[in-house]
Structure formats: C-alpha cells, structure tokens
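Below: one structure, written as structure tokens.
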Amino acid sequence: MKLQDAKPGKWQLFRIWASIGLQSFGGGASTTLLIQRAFIEKHSWLSIEEFMHLWNLCIFTPGINLVALTVLIGRKLGGTWGIVVSLAGMLLPSAMVTCLLTVIFKQIEQIAAVQAVLRGVIPATGAIMLLVGLNFALPLIRRSYKEGILYLLASSVIIIVCALAIILLKLSVIIVVLGATLLGALFFSPKPAPPLLPAPSLLKEEQEEQH
C-alpha cells in the first residue's frame, strides 16, 4: 500500500478541511474543486467514482450539499471522529473569516473599485464551475469505453433534458432530480443475466443416470 493511501489522522483531516474552508472563495463550485484536488488528486484517499457516489447521495438529501459531503467523506476516512473534525475544520475557520469580511465589506461596498472587483469574480466562478463539471464528466467518458457509446449518449440525453427543464420550463430542482432518477432507472438498469447452461458433460451424465 502506498503511503498516501493510508487513512489520515484526526489532526491531518482537520487541517485539510480547514485549508479547504479558508480557500473556498467563489462559492460551492470552488469548494467542490478543492475537495477533489485534496482527497482525489493529492492524497488518493478517494477515486473520482467514489467521490461521485458520495456526491449523488448528497443530491438526495435536503439542506446544504457540501455539509453532507463533508460528513460522508469524514465518516469514510475517520469514522465518527472523522465527521466531527471534518465539520469543525470546514465550518469554524471559514465562518469566522466570513463574519469578519462581512463587517469590513459593509463599510466599503459602495466604493467603485470594490464593485469592479465583484464583477470580475463572476466569470472566475463560472470557470471554476466548468472545471468541476468536466471532472464529473470524466467517469462517464471512461465508462462509455467499457459499456459502449450508448452509455455516453444516454448520459448526454439526461444532462440535456434536465438543463432544458430548469432553463426553459423553470421546474423545481426536486422535480428535476426525481425525473433524472426515473430516467436513470430507464437507461441504466442492469439487464438480467442469461441463465447459465450446464456443461455438455454434465448433461450427458444426467442422461445416463436417467437411463
């Protein structure tokens, strides 16, 4: 086993989550990207497939998805104490900094330079969201090589249908997620395995016993 594959200690887990919380400027997309880089790319404690599995579980729960993801990753890597230190590292330092910045921002928000800075943050956040989306798409592309191009086409259909439902029809996220669940069951349900036929030698033996 590689050294980076060993599970982290409590203090290391706290430091990693605190670093993520303090660097996650730009909202949920930047936080998701930092989590991917820390736990998948740098330390190899999770694969992208495992990360997507945990993320999909978070989609089905109400509330803040990133908090749920923090709980699931903490539990996987450190059990009950992993949950405690992960939440503490993720929330406490960043919450204190956020409160401090909010107080400062209220004093300078009308300055033209500050408004210009905020306008520049929007395209940067869009770029981060695009990168996160590409990371989510990689397992679909890899799996399409194993299961055929139809898998990738079916995934693309679900993506397009969900996007159109939100943009054009203004449907609720709950309805879109439930609809995607039904589409997933329709497109990706495993086919029943064909019944195993007995070997010819066994058939011959059974025929001889009957005679």
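Within segment 65-87, track down each residue that is buried (at least 17 other Cβ atoms within 10 Å of the Cβ) and of a type in the set (Gly, Ala, Ser).
Result: 68, 74, 78, 82, 86.
Quick check: is even one residue across segment 110-118 within 28 Å of the chain's Cα centre (by Cα) and part of a helix (DSSP H, G or I)? Before the answer, list the steps.
In the first step, residues of segment 110-118 are kept if they are within 28 Å of the chain's Cα centre (by Cα); the result is 118.
Of the ones still in play, those that are also part of a helix (DSSP H, G or I) are 118.
Yes: one or more hits.
Given the criteria within 24 Å of residue 133 (Cβ to Cβ), aliphatic (A, V, I, L, M) and surrounded by 12 or more Cβ atoms within 10 Å (Cβ to Cβ), does residue 91 qualify?
Details: within 24 Å of residue 133 (Cβ to Cβ): no; aliphatic (A, V, I, L, M): yes; surrounded by 12 or more Cβ atoms within 10 Å (Cβ to Cβ): yes.
Taking the combined requirement at face value, the residue does not satisfy it.
Which is exposed (fewer than 12 other Cβ atoms within 10 Å of the Cβ) and out of contact with any helix residue (DSSP H, G or I) (no Cβ under 6 Å at 6 or more places or on another chain), of 121, 117?
Working: 121 fails: exposed (fewer than 12 other Cβ atoms within 10 Å of the Cβ).
Checking each option against the conditions leaves just 117.
Quick one: which of 153, 164, 202 is at pLDDT below 80, assigned to a helix (DSSP H, G or I) and among the aliphatic types (A, V, I, L, M)?
Just a single option satisfies the conditions, and that option is 202.
Can you tell me which residue within segment 128-139, out of those that are among the hydrophobic types (A, V, I, L, M, F, W, C) and surrounded by 12 or more Cβ atoms within 10 Å (Cβ to Cβ), is farthest from the chain's Cα centre (by Cα)?
Applying the first criterion (among the hydrophobic types (A, V, I, L, M, F, W, C)) to segment 128-139 yields 128-132, 134, 136-138.
The next check asks that each one be surrounded by 12 or more Cβ atoms within 10 Å (Cβ to Cβ); those that pass are 128-129, 131-132, 136-138.
Values: 128: 14, 129: 12, 131: 13, 132: 9, 136: 7, 137: 11, 138: 12 Å.
The residue in question is 128.
Determine, yes or no, whether residue 52 is touching a Ser or Thr at 6+ places or on another chain (Cβ under 7 Å), touching a residue at least 40 places away in the same chain (Cβ under 8 Å) and of a type in the set (A, V, I, L, M, F, W, C). First the steps, then the outcome.
Working: touching a Ser or Thr at 6+ places or on another chain (Cβ under 7 Å): no; touching a residue at least 40 places away in the same chain (Cβ under 8 Å): yes; of a type in the set (A, V, I, L, M, F, W, C): yes.
When the stated conditions are applied, residue 52 does not pass them.
The values are calculated or read from the model by the stated rules, or taken from the named source; none is laboratory data. Note that the coordinates shown come from a computational prediction; the quantities given were computed from them, not determined experimentally. Neighbour counts run over all protein chains shown; Cβ positions are idealised from the backbone, glycine included.
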